[in-house]
Amino acid sequence: DAGVIQSPRHEVTEMGQEVTLRCKPISGHDYLFWYRQTMMRGLELLIYFNNNVPIDDSGMPEDRFSAKMPNASFSTLKIQPSEPRDSAVYFCASSSLPTASGANVLTFGAGSRLTVL
Amino acid sequence: KQEVTQIPAALSVPEGENLVLNCSFTDSAIYNLQWFRQDPGKGLTSLLLIQSSQREQTSGRLNASLDKSSGRSTLYIAASQPGDSATYLCAGSNDYKLSFGAGTTVTVRA
């Protein structure tokens, strides 16, 4: 398996532009997570999907952020309009087991590094 | 809300020395505790997962322990090598959320 695949790996954009980050989870993984990593705040959970359904989006910072999972093999995280403070590394992760099982090893993608000028 | 703390923030050791990385968490109702490795500019790689019913896990030179009563986990890396240089993060799992520590950046000097 190729693991969790994210694209683009790097994105530089100007303030006000729309940004779309993409993620392909590991086949068979029913749980998908979007995290954001910054020096100041570390790793933060933005949103979590189970069987393509958003379960908790309380970590999404503002209405400018939205995430979708139209099918089991694809998810997007969109920022519109983007702002300089959105600059961070965005990680997608997937798991085949629910957290409550205690055995849910998360597999992370390589991340998308976003720079908003 | 689970709070995870890692001390120290950075550690530098000579090659061959054993590494001890500490992680503390506030909520003992934890499903599991995971240790990850992150290399600069890269994603996170899961190293070890300790379920709440377990006390430790081992993989090669790595050993992680979990003490729920004291809210602590320790990652031991035996006979460190320069290739072990990376940032190590621990994460505690409650509900469906992983709460991450800020990480310990390890430098192993040749």
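Here are the numbers:
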{"item": "Using alpha carbons only: equivalent-ellipsoid semi-axes of the stretch B:1-79, gyration tensor based, whole Å", "result": "21, 14, 13"}
{"item": "Largest-first ordering by accessible area, 1.4 Å probe, given options A:V12, A:V105, A:V116", "result": "A:V12, A:V105, A:V116"}
{"item": "Calculated FRET value between A:V105 and A:E14, using beta carbons and R₀ = 30 Å, to 0.05", "result": "0.20"}
{"item": "Rule-of-thumb Rg ratio for the stretch A:1-84 [Cα; 2.2 N^0.38 Å; N residues]", "result": "1.09"}
{"item": "The stretch A:1-61 - accessible surface per residue (Å², probe 1.4 Å)", "result": "55 Å²"}
{"item": "Chain-alone versus full-assembly comparison, the stretch B:68-110, residues with accessible loss of at least 40 Å² (1.4 Å probe)", "result": "B:Y96, B:K97, B:L98, B:F100"}
{"item": "Radius, Kirkwood style, for the stretch A:64-117 when every pair of distinct Cα atoms is counted (Å)", "result": "13.1 Å"}
{"item": "Solvent-accessible area per residue, Å², over chain B with all protein chains present [probe radius 1.4 Å]", "result": "47 Å²"}
{"item": "A:H29, A:H10, reordered so the largest accessible area comes first (probe 1.4 Å)", "result": "A:H10, A:H29"}
{"item": "Alpha-carbon centroid distance for the pair the stretch A:57-117 / the stretch B:37-110, whole angstrom", "result": "22 Å"}
{"item": "Area hidden from solvent between B and A (accessible, protein heavy atoms only, 1.4 Å, total, Å²)", "result": "1600 Å²"}
{"item": "Largest-first ordering by accessible area, 1.4 Å probe, given options A:Y31, B:Y76", "result": "B:Y76, A:Y31"}
{"item": "Accessible surface of the stretch B:1-83, 1.4 Å probe, proportion on carbon and sulfur as whole %", "result": "47 percent"}
{"item": "For B:D27, solvent-accessible area (1.4 Å; no DNA, RNA or ligand), Å²", "result": "50 Å²"}
{"item": "Residues losing 10 Å² or more accessible surface upon assembly, the stretch B:15-32, compared with the chain by itself, 1.4 Å", "result": "B:Y31, B:N32"}
{"item": "Residues along the stretch A:25-47 losing 50 Å² or more of accessible surface when the other protein chains are present rather than the chain by itself (probe 1.4 Å)", "result": "A:L43"}
{"item": "For the protein assembly as shown, alpha-carbon Rg over 2.2 N^0.38 Å", "result": "1.01"}
{"item": "Residue (of A:V19, B:Y96, A:G109) at the positive-pole extreme of the protein assembly as shown, dipole from beta-carbon charges", "result": "A:G109"}
{"item": "Contact order relative to length of chain B, as percent, for alpha carbon pairs under 8 angstrom and 6 or more apart", "result": "38 percent"}
{"item": "Chain A, accessible surface, carbon-and-sulfur percent (1.4 angstrom probe)", "result": "51 percent"}
{"item": "Net charge dipole size for the protein assembly as shown [Lys, Arg +1 and Asp, Glu -1 on Cβ; Debye, nearest 20]", "result": "220 debye"}
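The values are calculated or read from the model by the stated rules, or taken from the named source; none is laboratory data. Bear in mind that the values here come from a model prediction, so they are computed numbers and not experimental data. Positions of Cβ are backbone-derived with ideal geometry, glycine not excepted, and every protein chain shown enters the neighbour counts. Just so you know, the surface numbers come from the protein's heavy atoms only, side chains and all, with ligands and any DNA or RNA stripped out. Shrake-Rupley method; radii C 1.70, N 1.55, O 1.52, S 1.80 Å.
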